[in-house]
Ligand code: FES
């Protein structure tokens, strides 16, 4: 995963920021959104980030 890649362009939220928030223990999409504020402008990233969050969680579960 490219941590520098932007997931939400309006709020400049990167994959890495989302990954770090999940690692810090926030796992629900709503809580992540509340903390990072992604998806609160145009909203176009919301569906994509739902999949991204699921993928990141799956990756982390697989990690040793
Ligand atoms: S790209 Fe995320 S709110 Fe616009």
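Computed from the coordinates by the stated procedures, all read-outs in this text should not be read as laboratory data. Please read all numbers here as calculations on a predicted model, not as lab measurements.
Points to keep in mind about this one:
- Relative contact order of the chain, defined on C-alpha pairs under 8 angstrom at six or more residues apart (%): 29
- Candidates 39, 16, 25, ranked by Gaussian network fluctuation over the chain, Cα under 10 Å, top entry: 25
- Degrees, to the nearest 10: 46-62 long Cα axis against longest axis of the chain: 10
- Pairwise alpha-carbon distances in the chain exceed 14 Å for 50% of all pairs.
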